[in-house]
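For reference, the structure discussed in these notes is given below.
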Amino acid sequence: MPKFYSELQEASFENLSSDPSSSVGGKVWRNTTENRIKTDDGTDKRALIRNDNKAVIGNSGTAAENTRLHRGGAGIFQHVPGDDATAEGSLATSLNQVSTRVENFTDAGKPSAGNAGRVLYITDLQSFLGDNGSSYAPLGGGGGGGALQWIEAALAPIASVENEAQVYNFEAAGTQYLYADIRVPTTYLAGRQIKMKMTYYTPDTSGTALLTALATLIITGTDAIDSVTNQRTSSNSAATVSGAANLLRSAEFDLTDASGAVNSVAVTGGDLIRIRLTRGTDTATSELRALVFGAEVIFS
């Protein structure tokens with residue numbers, strides 16, 4: 001076997017128009033038809049370097065079955081079929097599937113947010129989180145609870161049908177209450193704010209309108225059903241009434257603070273939140289019509 005100890009200058013690989021039919025382990029050549037440097041491992045013939053600077057993964061003789069690594073733009077990495085001819089720096093429209101797993105962390109051990117688009121799997125909560133650049137939020141949203149089932153306890157507003165809709169009529173300067181019990185989903189991620197949204201309208205075209213909510217946290221296994229230990233009044237303010245009469249309006253109520261707590265007590269999955277809805281201090285003179293099925297709770 002020859003050995004070389006001096007400098008090798010101006011050497012080139014053997015140029016072949018097609019791959020050798022025989023197999024010789026360690027043989028290296030240049031396939032001039034494919035413009036590739038190839039080697040033989042004794043069983044398979046494999047390409048080492050492509051002169052078009054495109055990295056292809058896979059050894060299928062059908063190029064489309066392989067995967068090419070492609071820079072679609074600044075900071076954009078794509079997996080495309082091996083025969084995709086999209087120019088570097090342009091987004092390819094034909095993408096290969098990728099099978100992988102995202103980073104795994106406990107909720108307490110996850111990295112700080114600040115990398116928008118990053119996805120984590122939180123092992124102790126069995127949930128996925130997405131980084132929005134400043135904080136983490138559950139993927140797919142926390143979901144809404146659909147229409148609430150309001151309970152007409154003492155001093156409830158009058159229920160009626162108006163404009164082909166069932167509504168509750170909250171009197172001006174009155175003391176009327178509606179109640180609803182919301183069970184916090186077991187998949188709820190502690191520390192996320194819980195809100196309620198609802199729709200209402202008024203015949204008035206001026207003044208202000210205010211519906212407000214009192215949230216009572218009843219902790220499963222700790223509090224009695226009639227507990228009033230941990231309560232929080234929503235911080236929403238009166239809305240200006242303008243435009244057409246009976247204009248459908250939206251109100252949002254923060255049932256917890258921004259950290260998902262009621263009276264500084266963290267809400268957890270399985271707890272109960274009792275909502276008491278009432279009309280606050282405003283200047284609209286007509287009754288506020290709250291739609292019976294126009295409210296939902298959002299677990300963000």
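Each peptide among 39-45, 132-138, 220-226 gets the average number of other Cβ atoms lying within 10 Å of its residues, and from highest to lowest they stand as 132-138, 39-45, 220-226. On the beta carbon distance between residue 103 and residue 16, with R0 = 51 Å, the FRET formula returns roughly 0.65.
Placing +1 on the Cβ of each Lys and Arg and -1 on the Cβ of each Asp and Glu in the stretch 1-159, which of 156, 92, 4 has its Cα farthest towards the positive end of the resulting dipole? Positive-most Cα among the choices belongs to 4. Whole-Hz Karplus values for the stretch 165-181 come out as 9, 7, 9, 10, 9, 8, 6, 5, 6, x, 10, 10, 9, 10, 10, 8, 9 Hz, taken residue by residue from phi with 6.51 cos²θ - 1.76 cosθ + 1.60 and θ = phi - 60°; glycine and proline positions read x.
Distance between the modelled labels on residue 172 and residue 235, one decimal in nanometres: 3.0 nm (7 Å Cα→Cβ projection).
Between 234, 129, 43, the Cα set farthest toward the positive side of the dipole of the chain (charges on each charged residue's Cβ, about the Cα centre) is that of 43.
Given (1) 32.7, 104; (2) 18.6, 59; (3) 19.6, 60 as candidate values of Rg and Dmax of the Cα atoms in Å, which corresponds to the one derived from the coordinates? Answer label, from the structure shown: (1). Among beta bridges identified by DSSP and lying wholly in the stretch 58-172, the antiparallel ones come to about 85 percent.
Estimated from the Cβ-Cβ distance and a Förster radius of 45 angstrom, the FRET efficiency linking residue 224 and residue 95 is about 0.20. Dipole magnitude for the chain: about 540 debye, using +1 per Lys or Arg Cβ and -1 per Asp or Glu Cβ, origin at the Cα centre.
Between residue 79 and residue 199, the simple label model (points 7 Å from Cα in the Cβ direction) yields a spacing of 4.3 nm. Residues whose amide H falls under 5 Å from that of residue 191, counting only those 5 or more places apart or on a different chain, are 267, with hydrogens built in the peptide plane.
Packing, as the average of other Cβ atoms within 10 Å across residues, places the peptides 20-31, 173-184, 281-292 in the order 281-292, 173-184, 20-31, highest first. Cross-link partners for residue 27 among the lysines, with Cα-Cα distance under 18 Å and sequence neighbours closer than 8 places in the same chain left out: 3, 38, 45.
Most fluctuating residue of 73, 114, 243 in a GNM of the chain with Cα springs under 10 Å: which is it? Looking only at 73, 114, 243, the biggest GNM fluctuation is shown by 73. Only Cα pairs under 8 Å and 6+ residues apart enter the sum, and on that basis the relative contact order of the stretch 94-213 stands at 15 percent. Note on residue 190 and residue 208: their simple-model spin labels are 3.8 nm apart, each label 7 Å out from Cα toward Cβ. Taking θ as phi - 60° and the Karplus parameters 6.51, -1.76 and 1.60, the scalar couplings of the stretch 87-103 work out to 5, 4, x, 10, 6, 7, 9, 9, 10, 7, 6, 10, 10, 7, 9, 7, 4 Hz in sequence order, x denoting glycine and proline. FRET efficiency for residue 139 and residue 59, Cβ-Cβ distance as r, R0 = 30 Å, nearest 0.05? Once rounded, the FRET efficiency stands at 0.25.
FYI, it's all coordinate maths here, none of it is from the lab. Keep in mind that this is a model prediction, so the values were computed, not measured. Quick reminder, even Gly has a Cβ in these numbers, built from the backbone with ideal geometry, and neighbours come from all protein chains shown.
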